[in-house]
Amino acid sequence: MASTLIGKQAVVIGAGMGGLTAAGALADHFDQVIVLERDTLPSEPTYRAGTPQARHVHALLLSGQRALSELFPGFEQDLARAGAVPLRVGLDVRMERPGYDPFPQRDLGWCSYAVSRPAIEHAVRRRVESRANITLRQRCRVQEVLASPNGETVTGVRYENDNGSSETIAADLVVDASGRGALLALLQSIGRPLPEETTIGIDLGYATCVFAIPDDAPTEWKGVMTFGQAPQNSRGGLLLPLEGNRWMATIGGRHGDVPPGDAEGFLTYAQAMRTPTIYNAISRAKPLDGVARYGFPESVRRHFERLEVFPRGLLPIADAICRFNPVYGQGMSVAALEACLLRTLLERLGGDSDPIAGLAPAFFAEVQALIETPWSVATLDFVFPDTRGQRPADFEITLKFGIALTRLAAEDPDVHKLTAEVQNLLKPRSVYRDPALVQRVLAKMAEA
């Protein structure tokens, strides 16, 4: 399909997963796409200062994997070349949840990949850099988004370059993928209302260590996910293989019950988790690095869709719209899905007289369906009594329904596959409202 150019230049703020995927979506519709990143971008798949969360386990859900392959054909082969470890979904990761240690292991029919965040980002960045009309400018700190005198149209960006001098760049469209508020500062400066926010305060703290996989590693699993006994015990952990014959173990808890930053304390914390599987695996493995720690205070959803007016030529994406609890592994995949939505809208609006004017309203309206399922997972955090925010009115019944659905999934491979498809954002959570399924879940609830 021939692409339609709708502008001369688009500027993307941030070269994380949100910014890189957005740049990929924009490239067919603008003469030039400039990506501004405040960090130094490593030429190898290594950690960088601007993504401290990259030192911890990252999951690329199947929906994200497919979205990245749609934006960058051949991307799965890139992951394989980077040394990503294929995992049979439902089979290769031992799931330990209260009442199921382990949950029945079944091959649900598709593969995911275990790989480090730097390796994923590096593979995407190389794809973006291969596009002739995309330029990545590193060590460029955005100072402000610029608008016309009446504040109705965004005109460009002012940033500080790597030698400390200020530069201005014109843009027909500015996409804020930084999640750091350049866009909010602009709305304030032109006297526009800020979007309402919904927050869920979880005070999550976790720590990660990387180990060499020992020769006598267990053969019945490639990874382990352990859930605590909510609400009294929030400790959980995820151990996955990485490229380079390594394990990455991330363990953590909430509201002060968080792991320390030293190797001995890390093992002691792991030993006190509800099951011994992760501790038994790592206690005999050789650590390859120190312990990295990370804190995540709250999930945030900004309701741009409720704003009556919004500047033409400005679009927030990824973390600038919604930041998800990282425990559920949704961030990268939602960013890639949003970039696919952006590309779809650019193609659809291309024939309009002013496609850029219609872009943000259309995006805000349609991104809600995309965010709804991952955000509904975030509300499960209210199972812990110290969680802050507006607890949904139907929370207790949702929780009981979820417990019964899990029991049904343990018995029925088809239901197990359906729940995995929802967790991987391949299907919306609304599939759980299917009348036949609801009847079966209600029957399970009646058994309890």
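The values are calculated or read from the model by the stated rules, or taken from the named source; none is laboratory data. The model shown is predicted, which means the values in this text are computed figures rather than measured ones. Every residue, glycine among them, receives a Cβ derived from its backbone with ideal geometry; neighbour counts consider all protein chains shown. Heads up: the accessible areas ignore ligands, DNA and RNA and are worked out on the full protein's heavy atoms, side chains in. Shrake-Rupley method; radii C 1.70, N 1.55, O 1.52, S 1.80 Å.
Side notes on the structure shown:
- Taking the longest Cα principal axis of the chain as reference, the axis of helix 331-349 is set at about 40 degrees.
- Annotation: per residue accessible area for the chain equals 43 Å², rounded to a whole number [probe 1.4 Å, protein chains only].
- Normalised contact order of the stretch 252-320, rounded percent, pairs of Cα under 8 Å and 6 or more residues apart: 24
- The DSSP beta bridges internal to the chain are antiparallel in roughly 70% of cases.
- Which labelled figure in (1) 77, 71, 36; (2) 62, 50, 43; (3) 100, 70, 39 is Cα extents along the principal axes in Å, once derived from the coordinates: (2)
- With 29 Å as the limit, the listed pairs Lys286/Lys427; Lys417/Lys444; Lys222/Lys286; Lys286/Lys417; Lys222/Lys427 have Lys286/Lys427; Lys286/Lys417 beyond it between alpha carbons.
- Shown here for the stretch 366-412: GluC sites (Glu not before Pro) in loop regions (DSSP other than H, G, I, E, B) with at most 11 other Cβ atoms within 10 Å, of which there are none.
- Sequence-separation-based contact order of the chain, relative, with Cα cut under 8 Å and 6+ spacing, percent: 19
- Carbon and sulfur %, accessible surface of the stretch 12-85 computed with the full protein complex present, 1.4 Å: 48
- Within the stretch 1-127, DSSP assigns beta bridges of which about 45% are antiparallel (rounded to the nearest 5).
- Residue among Ala393, Leu425, Ala360 farthest towards the positive dipole end of the stretch 343-433, charges placed on Cβ: Ala393
- Against the chain, whose longest principal axis comes from its Cα atoms, helix 413-423 is set at around 40 degrees.
- Averaging the sequence gap over all C-alpha pairs within less than 8 Å and six or more residues apart, then dividing by the number of residues, gives the stretch 91-184 a relative contact order of 15 percent.
- Theoretical ellipticity at 222 nm over the chain - DSSP helices of four or more residues, -39500 (n - 2.57) apiece, nearest 500: -10000 deg cm²/dmol
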